[in-house]
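All remarks here apply to the structure that follows.
The values are calculated or read from the model by the stated rules, or taken from the named source; none is laboratory data. Owing to the predicted nature of the structure, the values given are computational and were not obtained by experimental measurement. We place every Cβ from the backbone using ideal geometry, glycine too, and count neighbours over all the protein chains shown. In case anyone asks, the SASA skips ligands and DNA or RNA and just uses the protein heavy atoms, side chains included. Shrake-Rupley method; radii C 1.70, N 1.55, O 1.52, S 1.80 Å.
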Amino acid sequence: MDYSSYPRNDVLCIDMRSFYASVEAVKLGLDPMKTLLAVVGDPNRSGSIVLAASPELKRKHGISNVSRFFELPDDPDIHIVPAHMADYLHVSVEITKLINQYVPQEAIHQYSVDEVWVTVNGLQKLFGNRWEVAKKIKHDIQESFGITSSIGIGDNKFLAKVVMDLHAKKVGIAECTYEDVEEKLWPFPIEDIWGIGSRMKRNLNRMGIVTLGQLANYKLEHLKKRFGIMGEQLYWHAWGVDLSPVFGNFTKTEQKGFGHGISLLRDYTKDEVAYCILDLCEEVCRRARTANQTGRTIHLGISYAKETGGGFSRSRSIDIPTNVTMDVYHVCMQLFKEFYDGKSNIRHVYVTLTNLVEKGETQLDLFEDRAKKNDIGYVMDAIRDKYGSTAILRASSYTDAGVTLDRSKKIGGHYA
C-alpha cells in the first residue's frame, strides 16, 4: 500500500480507565486502580446492571460492565455505590476544559463521556512531539482528577482509536502509524477492531476472514459486492486508511428524527401504557419544537414482558407535519390499538418522529386552529425552560403509570 497520498495527522484517542468507577473511587479517597469498586445503576434492585467496575474488580472477580448486581461476589472489600451521572458529566466537561488548554475547541472531538479524540498538529514548539503531548495530557489528567487514562496515537482517528483499544489499555500510551498496521493490527481477530460488531463478525467469518490481516488481503471488489459501501470502508480501515475530518464542529449533525424510549421498571397493562406513551410524545415533541422542526412520520415501538416476549414496531405518516404532542399521541394510540395483541404486559416503549421539515414549511389547515394547538406546546416549553422540567406537567404524569417525574431525576437513564 502506497500511503504517500493519504493525510498524516497527529491524533490522540484518550480513554478514561473505568471512568465511572474511577470518579467514585476518587470521591471516597481510594486508588481507582487498586480498590474493588462497582457502580450499580440502582442498588435497591438485585437485577440492576453494573455500570462500571474498577480494574482490580475486573481482574480479581471477572466482573464486567454487563454483569448484574446479584452476580457480585460476597466480598467485604467490594465498595458498592449508586451511579451519580451528574458527577461523571461534570468531570468529563472539566477534563475537556483541561485538554482545551493544549488545543483549540475545533481540534477536540468528544466521542463519549469518557473518550475523546484530540488533534495535536503543530504543537511541537509549545509542548514537543505528539508522544510528549500525550504524556503531558495523561499526567495532567492524573494530577488534576486522580484518573488514569489510556492514550492511542495515530496518523488518523481510526489508527488512534484501535491502537488505544488493543495496546494502550495495557501499556498506557501506544502509537500506530500507517507503516505499523501490518505488525500492530493485522494479527488481531476482527471482533477486536473498533467498528466491527458481532453480526459483521459472523458474516466475515463465513467468508474465511478471521483476522484483520485476512480482511486487508481480501479482494476489495468482493467486499464491495457483498457489503456495499460498508465493505469498502472495512477494506480501507484494515489498511489503516481513514479520511474522517480531524478538525471542525463535530457536534453539528443533520437531525434525522426525534425519538424517546424507556425500559419500564415493572410490567404495564394496556390501560397504563397510554400514560407512558403520552409522556414520551411530550418529550419527543418538545425536542422537535426546540429545533423548530415538524415531522410527517410517527413511529411506535412496543416490547412485551419477558414471559410472553415479542412486541411490534409500526409507523404511520400524516398529511400535515406536526410537533403537537396530542397529534403524535393520537397516531401512537391508533397504532397501539391496531397492533397490540390484547393480552400481553408491556416492558419497553419508544416513540419517534421522523421525515422532518422546518416548521415554517408546514401548510395551513382551513378546518382546524393549528396555531392555538402549537402555541400551547411552546408556552409549556417556555415555562419548563424557566422553572424546570417538571414545573408544568399533564395530569397523567402524576399517576403511577406516568414516567416523566421519575425520569426528571435521571441523566442517561440513571439517577443524577
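See the values below:
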| item | result |
| --- | --- |
| Heavy-atom accessible area per residue - the chain, 1.4 Å, Å² | 51 Å² |
| Modelled label reach - Asn129, point 7 Å along Cα→Cβ, the stretch 164-183 residues with backbone N closer than 20 Å | 164, 167-168, 171-183 |
| Bins of 5 Å, starting at 0 and running to the largest distance - Cα pair percent for the stretch 37-131 | 2, 12, 18, 15, 12, 11, 11, 9, 6, 3, 1 |
| Contour minus Cα-Cα distance for Lys359 and Asp192 (0.36 nm per residue) | 55.7 nm |
| Axial C-alpha extent at least 20 Å, average Kyte-Doolittle at least -0.5 - helices from the chain (DSSP) | 85-100, 273-290, 325-339 |
| Gap separating the Cα centres of the stretch 267-308 and the stretch 202-266, nearest whole Å | 30 Å |
| Difference of contour (0.36 nm per residue) and Cα-Cα distance, Gln105 to Arg59 | 12.9 nm |
| Exposure of Lys270 as accessible area (Å², to 10), given a probe of 1.4 Å and all protein chains | 100 Å² |
| Value of [θ]222 nm, deg cm²/dmol, for the chain, DSSP H segments ≥ 4, -39500 (n - 2.57) each, nearest 500 | -10500 deg cm²/dmol |
| Karplus (6.51, -1.76, 1.60) ³J(HN,Hα), θ = phi - 60°, over the stretch 49-66, in Hz, Gly and Pro reported as x | 7, 7, 6, 7, 10, 5, x, 5, 5, 5, 5, 6, 10, x, 6, 10, 6, 10 |
| Selection from Leu204, Ile137, Ile147 lying farthest towards where the dipole of the stretch 82-210 points positive, charges on Cβ | Leu204 |
| Mean Cβ neighbour count within 10 Å, used as a protection proxy, ranking 70-81, 311-322 highest first | 311-322, 70-81 |
| Share of Cα-Cα pairs in the stretch 219-264 lying beyond 18 Å, as whole percent | 58 percent |
| Per-pair calculated FRET efficiency, R0 = 25 Å: Leu89 and Leu243 via Cβ, rounded to 0.05 | 0.20 |
| FRET efficiency, Tyr3 to Ala291 (Cβ-Cβ, R0 41 Å, nearest 0.05) | 0.50 |
| Three semi-axes of the equivalent ellipsoid, the stretch 20-76, Cα gyration tensor, whole Å, largest first | 17, 13, 9 |
| Solvent exposure ordering (accessible area, 1.4 Å, most first) of Met326, Met380 | Met326, Met380 |
| Relative pair counts by distance (%), Cα atoms of the stretch 129-286, 5 Å bins | 1, 8, 13, 14, 12, 11, 10, 11, 9, 7, 3, 1, 0 |
| Overall dimensions of the stretch 263-354 by Cα: Rg and Dmax, Å | 13.0, 42 |
| Distance violations [Cα-Cα > 21 Å] among Lys169/Lys201; Lys161/Lys184; Lys157/Lys219; Lys125/Lys170 | Lys169/Lys201; Lys157/Lys219; Lys125/Lys170 |
| Rounded percent of accessible protein surface that carbon and sulfur make up, the stretch 22-162, 1.4 Å probe | 51 percent |
| The chain, dipole about Cα centre (Lys/Arg Cβ +1, Asp/Glu Cβ -1), debye to the nearest 20 | 480 debye |
| Charge dipole of the chain about the Cα centre (unit charges at C-beta), most positive-ward option of Gly172, Val403, Val39 | Val403 |
| The chain, relative contact order [Cα under 8 Å, separation at least 6], % | 14 percent |
| Viscosity 0.692 mPa s, temperature 37 °C, Stokes-Einstein D of the stretch 105-180 from Kirkwood C-alpha radius, µm²/s | 257 µm²/s |
| Sites Asn203 and Lys386, calculated FRET efficiency, Cβ-Cβ separation with R0 51 Å, nearest 0.05 | 0.50 |
